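The values are calculated or read from the model by the stated rules, or taken from the named source; none is laboratory data. A quick note: this is a predicted structure, and the numbers were derived from the prediction, not measured. All Cβ positions, even for glycine, are placed from backbone atoms using ideal geometry, and neighbour counts span all protein chains on display. Keep in mind that these areas ignore ligands, DNA and RNA; they rest on the heavy atoms of the full protein, side chains included. Shrake-Rupley method; radii C 1.70, N 1.55, O 1.52, S 1.80 Å.
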Amino acid sequence: MKLLHSQKINKEIKEDFFYFFETNEGVYLIEVIAKAKSWWQNFKSFRSFFKDDDIILYLDNTEIFTSNSKDIDVKAIWNGNELKGLSKIVLVATILKKGGHTLRLRPDQSPSLESINIMELEEMDNQTIIYSPLNNNPPEKGDRRPWINYVLQNLAIKKLHIVASANKLKRDDDDIKVVVDGKVEENENKNSHKDWYWCGKMLKGNEREYTKELNLGKGKHFIELWADKSPTLKKIEIMVLATNNSNGENNEAITRLYTCGGVGCKEDYNRYDAIIAEAVTYWNNEFLKDTDPPSEFLDPNLVKAIMYQESRVGFDKMAGSNVMQVGNGGDPSILTLRGELPEYWIHNGKTILLKYDAKVETVKDSINWGVRWLYHKAQGITPDNKRYWKSWQEAVLKYGPGKQEYVDNVWNIYKKGVKKDKKLGIIRLWSILLIMILPLFLNGSIVYSLENKIKDQIVKGQSEQLEDIELTYSQNKKYFLAQIEWERDWWEEIKVGNVKNKNINWLPIDKLPGEQAILSARFISLEGFGNPLVEIYGLTHVGHGSLYIYEIKNDKLNLLFETHAVDINPDIKWSPDNFKKYGYGNCGEIFSNDKLASEYKDTNKDGNSDLILSGTKKIICEIRDEYLKNTSEITVSSAQINNKILWNKNEHTWINTASYNEGPSPSP
C-alpha cells in the first residue's frame, strides 16, 4: 500500500469539515481517526444536556454507514455514547475514479478529528489490502467498545487474515471481538470469552491469527473490531476483487439516486430502486452461474435509465404498473418469454426454448421481465450453437424501437444523468461532483479550501440547497471563476473574484447572463488584450442561450460581446412555409453539439483576435405514422456555419456584421 495523502488535524469540529484529495483510478483505503464523547461527558462539562457527540461521514456525497437506522445516534459512524470519549478508526476501501474527491465529516456537538490518511493499492500488492495502524494501536484503555470499523464498498472479498495479540492483566485481560457482515466470529476455546476471538487470559501476550476464505460477493461489506482494555493489532489483510467475486455470486446492485428537476416537481424517481436492485442481482447471478457468462454484467443504473425513458419511472399516466413497457400490444416480448412465439437461448451449454410463466400485473413483474428481456436481447447464438454476447448498447437498441435515437436517449440518462425534452429542454436527473480545487492559504498546511470558504460566504443558513461549486482559475492565478450549482444545468449562477488579504473579493459584472443555467464558462487569454477575458455560454430551461464575453478591467467584468449561440431544443412549430422548404409542417432547428464552437484568431492581421463561430445547424421535422398516433423526428437538412466576427478597436467590441454565414444545405 502506498501512502498518498496524510494530515494530522487534532481539533474539535463543530461545523462540516471538508477534506479534498485527488487520485488516479484504482482501489484505495481511506483511514479517518476521530473521537466522540458520551452525553454524560458533555453533561458534566455543561457542553449540552443529554446529547452525545456524533459524526456522519460522506465520501463524494455518499454516506458511509454501518447501520440502516434513521436514528442519527445509531446511524453515526462515530457514536459518542458507544465511544465515551475514546478514539475510533474508520477504514473505507473503495474503487475511486481519476480526479478530485471529497471527504466530508458532519458533526453533532463537538467531537474531535485526529487524522486522515489516503492509501493506494499497488500492483505489487496482488489485490491484497494490508493495513497496520500507526495510531490508536494499542487503543486507549476502555471497556468493550468499537475500535476499528472497516467498510468495503463495491468490492468482493476473497480472503480475510488478521494478526493481533492480547495480554492478561492482574484482574482483567485484553480482548478483541471480530464481526464480519454482522456475524460474530466465535472463539472455539471453551475457557475463553465466547464472542471474543482474541482472549488475553488464554493468549497471555502472544499473537493469534484469524484466517478465513470468505468469498463474499461484490457489494458493501463490514468488518468490525471491538476492543476490551488495550490489545494490539499487527495487521489486517484483505484479498479483494474489484470486478466479480470468486464464488459465482454478485450480492449487491447499487442504483444512483435521481432528483426531480424544476420548480415544484414532486415525482420520486427512486421509489423502485430496491426492486431494480433485486431483479438485476437475481438475473446477474443466474447468468454468472451459467456457461459462457457475459464479461460485463448488467448495471442496475442502465435498467433505471430505460425505465425513465420508457415511462418516467411510472409517472407517465399511460404506463400504469408496466414501468418497463414490456409486453404491450404489438410487442412480442411477453409472448416470446412465455414460449408462445418460439425463440431460443443457450442454457448450461444447450440450446433450449425460451419459456417462463411470464406475466405483467405489477411493477415488480414489469421490472423482472424487462430485465430478463434485456438479457435475451444481449445474447446471440453462433451457427455451431455457441452463445455470444452483444454490447449492452446493442441490447438496448433491440429492447426499444430499434432506433439509434432511443439508445442515445437512454445512454445520456445512464451515463450523464441528462434527458433532453422537447418542451422542457434539458432535465438533469443526477450530477457528478467535478470540483477543481487549488490551495488558497499556504501557511504550512491546507486546512480550509477556497471552495469551502466560498460555500460559507454564499450559502449561510441554506447550504443544503447547494449541489456543487466548480472553480476555474485565470492563467496568472489572480482571478477565479465560481460556477455555483444550486441545481445542476437548471439553476446556476456565475461569480468571478480574487483574494485580497485572505478575503474573497467578488467583482461586479456588467449585465449578467440572462439564462437560468450555465452550459460552460472559462477564462481566455487573447492576442491584443492585456486583461483576462471570461467566456460564458448561457442555457435557458428550454434549451437556448447566448455566448457572452467579458473583459476584467479594474476589478470589474465589462461585457464586450453577446450573441445567440446555444440551441439544444428544436422548438418544433407548425408553419405553412415549412411545407415549401422541407416538405413537412412541423419543424424547428438545433445546433449540433448543442452550441456554436468559439475560436479566436487574428484573421485580418490587425494585432487583435477575431471571433469565429462555427458548427452545424440542423432542421428537425416531425412526422407521424399512418395512424396519426405516434410521432418521430427526422433531420431534413443541415448547413455548416462559419461566422467570422471582427474586432473593432474603436468600438472595443466584436462587430457581427451579418447573420450566420451558412454553407450549402444538403438535400434530405
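Below is a table of values for the structure above.
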| item | result |
| --- | --- |
| Filtered GluC sites (Glu not before Pro), the stretch 309-397: DSSP coil and at most 11 other beta carbons within 10 Å | Glu340, Glu361 |
| Extension gain, His347 back to Lys580 (0.36 nm per residue minus Cα-Cα distance, nm) | 78.2 nm |
| For His541, solvent-accessible area (1.4 Å; no DNA, RNA or ligand), Å² | 30 Å² |
| Computed FRET value (nearest 0.05) for Asp172 with Asn61, which takes r as the C-beta separation and R₀ as 51 Å | 0.70 |
| Greater than 23 Å apart at Cα, pairs in Lys2/Lys141; Lys204/Lys235; Lys97/Lys478 | Lys2/Lys141; Lys97/Lys478 |
| Hits among aspartates and glutamates - C-alpha to C-alpha of Lys234 under 12 Å, sequence gap 8 or more where chains match | Glu207, Glu209 |
| Residue list for the stretch 132-150, given a label point 7 angstrom along the Cα-to-Cβ vector of Trp40 and an amide N cut-off under 12 Å | 143 |
| Theoretical gain in end-to-end length, Glu15 to Arg522 [0.36 nm per residue, Cα-Cα removed] | 179.4 nm |
| Residue-by-residue Karplus 3J(HN,Hα) for the stretch 112-122, coefficients 6.51, -1.76, 1.60, Hz, glycine and proline x | 10, 9, 9, 7, 9, 9, 10, 10, 10, 6, 9 |
| Residue-normalised accessible area of the stretch 530-578, given per residue in Å² at a 1.4 Å probe | 34 Å² |
| Global form of the stretch 350-415, assessed from the alpha-carbon gyration tensor, a/c cut-off 1.5 | oblate |
| Computed FRET value (nearest 0.05) for Asn126 with Asn498, which takes r as the C-beta separation and R₀ as 45 Å | 0.35 |
| Residue among Asn215, Pro146, Gly200 farthest towards the positive dipole end of the stretch 89-226, charges placed on Cβ | Pro146 |
| Candidate aspartates and glutamates for bridging to Lys364, where Cα separation is under 20 Å - those fewer than 8 sequence places away on the same chain excluded | Glu252, Glu267, Asp268, Asp273, Glu278, Glu286, Asp299, Glu310, Asp316, Asp331 |
| Rough spin-label spacing in nm, given labels placed 7 Å along Cα→Cβ, for Arg312 and Tyr282 | 2.8 nm |
| Nearby aspartates and glutamates by direct alpha-carbon distance to Lys556 (threshold 16 angstrom, same-chain neighbours under 8 apart not counted) | Asp510, Glu535 |
| Inter-label distance for Lys212 and Lys477, nm, one decimal - labels placed 7 Å from Cα along Cα-to-Cβ | 5.1 nm |
| Apportionment of accessible area to carbon and sulfur, the stretch 517-578, percent (1.4 Å) | 47 percent |
| Taking the stretch 493-535 and dividing mean pair separation by its residue count, relative contact order in percent (alpha carbons under 8 Å, at least six apart) | 26 percent |
